[in-house]
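The values are calculated or read from the model by the stated rules, or taken from the named source; none is laboratory data. What you are looking at is a predicted structure, and each value in this text was computed from that prediction instead of being measured. We place every Cβ from the backbone using ideal geometry, glycine too, and count neighbours over all the protein chains shown. Heavy atoms of the whole protein, side chains included, go into the accessibility calculation; ligands, DNA and RNA do not. Shrake-Rupley method; radii C 1.70, N 1.55, O 1.52, S 1.80 Å.
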Amino acid sequence: MTQFKFSKRVPADGTDAVGAILQAAADPQIISFAGGLPAPELFPVKEMKAAVDQVFDQHGQEAMQYGAAKGVTALRKVIQQHVKEKEDVEAELANVLVTTGSEQVLDLVGKAFVNPGDTVLVEQPTYLCALDVFKSYGAEFAGVEMDEDGMKMDALEKALQDHPNTKLIYTVPNFQNPTGRTMTAERRKKLAELAAKYDVYVLEDNPYGEIRFAGEHVPAVKSFDKTGHVFYMSTFSKTLAPGFRLGWVVADEAVVNKLTVLKQSADLHTDNLVQFAVAQFFATNDVDAHVREISDLYGKRKNLMLEGIKKYFPAGVKYTDPEGGMFLWVEVPGVDDTVELFNECLKHNVAFVPGDPFFAGKPQPGAFRLNYSNMKEDQIEVGLKRLGEALAAAVK
């Protein structure tokens, strides 16, 4: 049998822990809080079909032809206006690049800025796919402690001093994946100041920011950026359709130009039809009302999940109470092996994502992520009851 000589960027066999977890949780008998999927019943199928029909009528040939690597101009204008209205981010059209999902932004920024041995500072815990991407470009990681108000700025400055080869700070400031925490405005301002002071870049990842069902909106880190050190990225996956694979990045023009060159060598350009369709959807629909509908449903489901946790979980279990987004974080004292706990929960026909893959360094035992966005209300209490029984058995 041929032994293929893969590059160092290719993960070793058996390293897809999350894939294995999701596969195990896919049994129809299992109530799974493991995935990170939006609620499909809220996809605007009818409205999007109408938008696509209008695109074919008005821009059919253009939508089916090769397009510009930076994206369809109509959609880039939508994004430009969107970040101004929603995030207080002033951007010229030249600052906007459309990508094939926000995952491509992670990859392009990693490719453009991370050399082998460079340090990337991340929240502890953080989005696991970002770790995978930056690791593939040879990054070293240092975790920065969080509290309920997000990444701690004193800990961040200490990490910057301890790691002078830091190239990038990666943060999910709104309803963070996996914890659901939100960074305060004061810390966001300080983060932008530290980036300028230490001449490092901030990649601000905001996939969930619009899905707020409690509290007050907090402006983007990018809105405090006076030096171009902050790159802002987001996606339409959580508010419209993840299957469209539409993301974007707003950054200094010189950065966007370099990322565009790298994108051209990856996929030439993002799908034209979905770009035109989303631009048309924005032109002919009340997008804010659609997002409010999503937020209302997720808020209801989160509250049901918190009620189930309070009712069924053992005493001493800690959990976050997000003001938006799709996830909350649970910490169970007295558990040494979270994967073993996961396997015990599968026996009770309920699943979560163990916390281990979300940590750049040593994982926190007994921590795991729960998703509430993609679970029907009548199943949430049943699942939490099963989970509570499994936890009670595990911590005895």
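Of all residues in the range 375-383, at least one satisfies being open to solvent by 50 Å² or more (accessible area, probe 1.4 Å) and closer than 14 Å to residue 313 by Cα.
Could you list all residues from the range 384-396 that are within 21 Å of residue 365 (Cβ to Cβ) and open to solvent by 60 Å² or more (accessible area, probe 1.4 Å)? 389, 396 - these are the residues of the range 384-396 that are within 21 Å of residue 365 (Cβ to Cβ) and open to solvent by 60 Å² or more (accessible area, probe 1.4 Å). The sole residue among 108, 128, 191 that is open to solvent by 10 Å² or more (accessible area, probe 1.4 Å), touching a helix residue (DSSP H, G or I) at 6+ places or on another chain (Cβ under 7 Å), in contact (Cβ under 8 Å) with a residue 24 or more places away in the chain and among the aliphatic types (A, V, I, L, M) is 128.
Among the residues of the range 214-242, those that are open to solvent by less than 30 Å² (accessible area, probe 1.4 Å) and of a type in the set (A, V, I, L, M) comprise 218, 220, 221, 230, 233, 240, 241.
Of all residues in the range 244-271, those being in a helix (DSSP H, G or I) and either open to solvent by less than 10 Å² (accessible area, probe 1.4 Å) or closer than 20 Å to residue 212 by Cα (or both) number 3. Within 25 Å of the chain's Cα centre (by Cα), under 13 Å from residue 390 (Cβ atoms) and surrounded by 22 or more Cβ atoms within 10 Å (Cβ to Cβ), is that true of residue 368? Answer is yes for this residue.
Of all residues in the range 162-181, those satisfying the criterion of being open to solvent by 20 Å² or more (accessible area, probe 1.4 Å) and either within 14 Å of residue 122 (Cβ to Cβ) or in contact (Cβ under 8 Å) with a residue 12 or more places away in the chain (or both) are 162, 163, 165, 167, 181. Of the listed requirements (1) in contact with an Asp or Glu (Cβ under 8 Å, 6 or more places away or on another chain); (2) surrounded by 14 or more Cβ atoms within 10 Å (Cβ to Cβ), residue 72 misses just one: (1). Among the residues of the range 65-88, those that are assigned to a helix (DSSP H, G or I) and under 17 Å from residue 246 (Cα atoms) comprise 73, 74, 75, 76, 77, 78, 79, 80, 81, 82, 83.
Out of 246, 268, 306, 262, one residue alone is more than 19 Å from the chain's Cα centre (by Cα), closer than 30 Å to residue 368 by Cα and at pLDDT 95 or above. It is 306.
Set side by side, the residues 148, 157 differ, and just one is of a type in the set (Asp, Glu), at pLDDT 95 or above and in contact with a Lys or Arg (Cβ under 7 Å, 6 or more places away or on another chain), which is 148. Only residues that are in a helix (DSSP H, G or I) and either out of contact with any strand residue (DSSP E or B) (no Cβ under 6 Å at 6 or more places or on another chain) or open to solvent by 20 Å² or more (accessible area, probe 1.4 Å) (or both) were counted across the range 296-325, and they come to 16.
Scanning the range 326-365 for residues that are in a strand (DSSP E or B) and open to solvent by 10 Å² or more (accessible area, probe 1.4 Å) gives a single hit, 331.
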